[in-house]
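Values in this text are rule-based calculations from the coordinates and carry no lab data. What you see is a predicted model; the values in this text were computed from it and never measured. Virtual Cβ from ideal backbone geometry, glycine too; neighbours counted across all protein chains shown.
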Amino acid sequence: MSVNLKGKSLLTLKDFSKEEIYYLIDLAAELKEKKKNGIFEKNMKNKNIALIFEKPSTRTRCAFTVACNDEGAHPEYLSKNDIQLGHKESVEDTARVLGRMFDGIEFRGFSQEVVEKLAKYSGVPVWNGLTDDDHPTQVLADFLTIREHLGKLEGIKFVYVGDGRNNMSNALMIGCAKAGVNFTVASPKELWPKSDILNICKKFSEESGAEINVTDNKFDAVKNADVIYTDVWCSMGEENKSEERIKLLSPYQVNNELIKASENEKVLFMHCLPAVKGKEVTEDVFESKYSVVFDEAENRMHTIKAVMVASIRG
Ligand code: CP
Ligand code: NVA
């Protein structure tokens, strides 16, 4: 069955099949190669794309902007201070207004419910650029990066170390469960994934063949890992939790000892960035030969481009 994503929003990878996920990674690789060869097909010529940001961003904002420019679309950046969303106007009304003018909407903010409402009421594709619960476009970039470095994705051992209930942990667990990637979260018990998301992922994994594990033993977790991934200990909006997180997560720092415990000389170190060096990862691991963090950052653009092109071009 051929994949057709025309008109489809990307709110979470829960809504995407394994075939659709691999299709987007393949399309991103194809568009990346074309750009390297100076080929620009302008698949989004004359389209207008709204970029709503309630939270700050470097990679996501720049990736959407550059991808729009490469494909012939006009990106319009709207910070929370520029529009009325949820303040002077309901999300439903803003969605209907934007849907009359724009061909697609990116949203980064706090609430997953808001991005879902934007999709429901705007009538145009909506792409989740990060919420408190999810970060699906980051996962696509990470998957492309893994495939480029390891030559495969399905069946590898992916270990996430750190805050097991943040947006990245959720998003990676969903993506891995769908794509047939064996996924382990190593985290203190206080920060284990919530049971609802864990149960959903276990269901997905029955279909894809992925193994999903949660442990507080980081050394057991990383043994034979192909990928060791971490993220900040305090996500955007949680700055007041710094003290308790440092206490809980300091034993889960990704350092040379943990990398060695993988017993895999080819293990990849990954991080969605921005990183707080000296906290979740040491400077030497960040700068080491294992680290592919800037490939991930570049691939945000190629994968976000693929997501937009797939839902607009068809
Ligand atoms: N990884 C990521 O989403 O980065 P930004 O917060 O800079 O967009
Ligand atoms: N968990 C992080 C991811 C940043 C890309 C945050 O939400 O701040």
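Residue by residue, region 54-64 carries 3J(HN,Hα) couplings of 7, 10, x, 6, 9, 4, 5, 4, 5, 4, 5 Hz when phi is fed to the Karplus relation 6.51 cos²θ - 1.76 cosθ + 1.60 (θ = phi - 60°); x denotes Gly or Pro. Each of 61, 100, 313 was scored by other Cβ atoms within 10 Å of its Cβ. Listed from fewest to most, they are 100, 313, 61.
Under Stokes-Einstein, with the Kirkwood radius over Cα pairs as Rh, the value for region 163-263 at 10 °C and 1.306 mPa s is 113 µm²/s.
Each principal axis of the Cα cloud of the chain was taken in turn, and the coordinate range along them, longest first, works out to 53, 44, 36 Å.
The mean of 1/r over all distinct Cα pairs in region 83-221, once inverted, gives the Kirkwood hydrodynamic radius of 16.3 Å. Summarising the label geometry, the points placed 7 Å from Cα in the beta-carbon direction at residue 93 and residue 113 lie 1.9 nm from one another. Taken over the C-alpha atoms, region 6-48 has Rg and Dmax values of 12.7, 34 angstrom.
Dimensions of region 190-314 along the principal axes, based on C-alpha atoms and rounded to the nearest Å, stand at 47, 37, 33, largest first. Placing +1 on the Cβ of every Lys and Arg and -1 on the Cβ of every Asp and Glu, with nothing else charged, gives the chain a dipole about its Cα centre of roughly 660 debye. Just so you know, the averaged projected area of the alpha carbon convex hull for region 39-107 sits at 4.7 nm². Our Cα-only numbers for region 110-165 put the radius of gyration and Dmax at 14.8, 41 Å. Placing dummy labels 7 Å off each Cα toward the beta-carbon, the span from residue 100 to residue 39 is 4.1 nm.
A viscosity of 1.567 mPa s and a temperature of 4 °C, combined with the Kirkwood radius over C-alpha pairs in the Stokes-Einstein formula, give region 15-141 a diffusion coefficient of 85 µm²/s. The stretch between residue 246 and residue 77, if pulled fully straight at 0.36 nm per residue, gains 57.4 nm over its current Cα-Cα span. Listed by chain and number, the aspartates and glutamates whose alpha-carbon sits under 16 Å from that of residue 194, ignoring those within fewer than 8 places in the same chain, are 132, 133, 134, 163, 216. Each residue of region 255-272 is assigned a 3J(HN,Hα), and the resulting list reads 10, 4, 4, 6, 4, 4, 5, 6, 6, 10, 5, 9, 4, 9, 9, 10, 7, 5 Hz, derived from the Karplus form 6.51 cos²θ - 1.76 cosθ + 1.60 (θ = phi - 60°), x at Gly and Pro.
Protection proxy ranking, highest mean first, for peptides 237-250, 170-183, 12-25, 146-159: 170-183, 12-25, 146-159, 237-250, where packing is the per-residue count of other beta-carbon atoms within 10 Å, averaged.
Principal axis extents of the C-alpha atoms in region 244-288 (largest first, rounded to whole Å): 33, 21, 15.
Taking a ≥ b ≥ c as the square roots of the eigenvalues of the Cα gyration tensor, region 1-79 is classed as oblate, since a/c reaches at least 1.5 and a/b does not exceed b/c.
Near the amide H of residue 268, within less than 5 Å, lie the amide hydrogens of 227, 228, all on another chain or at least 5 residues away, with H placed in the peptide plane.
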